[in-house]
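The values are calculated or read from the model by the stated rules, or taken from the named source; none is laboratory data. The model shown is predicted, which means the values in this text are computed figures rather than measured ones. Glycine gets a Cβ as well: all are built from the backbone with ideal geometry, and neighbour counts include every protein chain shown.
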Amino acid sequence: MTRVRVQKIESIRDPEGNLGKRIELIEDRVIPQFAVRPQTEEARMIQEVMKTVQQQIPVLSNQRTQFAVPKMVLFLTETEYEKLGISFDVNQLYELELSGQAIKFTLAQQ
């Protein structure tokens, strides 16, 4: 099973002019962080200063603990979307299961 997040939903028209949706799914992975222990006193001091700066300026503390890999793009007409029976929302998480010629989406527990 793979965990996917709805990245984007757009309105589209198929080649025949029928309205539909383009649903972009990305794989949602968590990357473990490794603690780096500096060897010198200077390096420890720099690490402490960086921690303090990151606490003061939250934008700088955006460490990438999650990694997004493009996984699947669905191009569905309105009829196909309704038959699928899933109401996709941006940022919603799903468990994606591929099994014997079938694709199954299950709403993931966050």
Of everything in segment 79-94, what is in a loop (DSSP other than H, G, I, E, B), of a type outside the set (Gly, Ala, Ser) and farther than 19 Å from Arg13 by Cβ? Give them in sequence order. Ile86, Asp89, Val90, Asn91, Gln92
Residue by residue through segment 89-105, note down the ones that are more than 13 Å from the chain's Cα centre (by Cα) and surrounded by fewer than 12 Cβ atoms within 10 Å (Cβ to Cβ). Leu98, Ser99, Gly100, Gln101, Ala102, Ile103, Lys104
Just the residues that are part of a loop (DSSP other than H, G, I, E, B), at pLDDT below 85 and either within 23 Å of Thr77 (Cα to Cα) or of a type in the set (Val, Ile, Thr) (or both), please, taken from segment 15-36. Ile31, Val36
Only one of Thr77, Thr65, Thr40, Thr106 is among the β-branched types (Val, Ile, Thr) and modelled with pLDDT under 85; which? Thr65
First in segment 1-13 and touching a residue at least 24 places away in the same chain (Cβ under 8 Å) and surrounded by 15 or more Cβ atoms within 10 Å (Cβ to Cβ), second anywhere and part of a strand (DSSP E or B) and small (Gly, Ala, Ser), Cβ under 9 Å, 6 or more apart: Arg5/Ala68; Gln7/Ala68
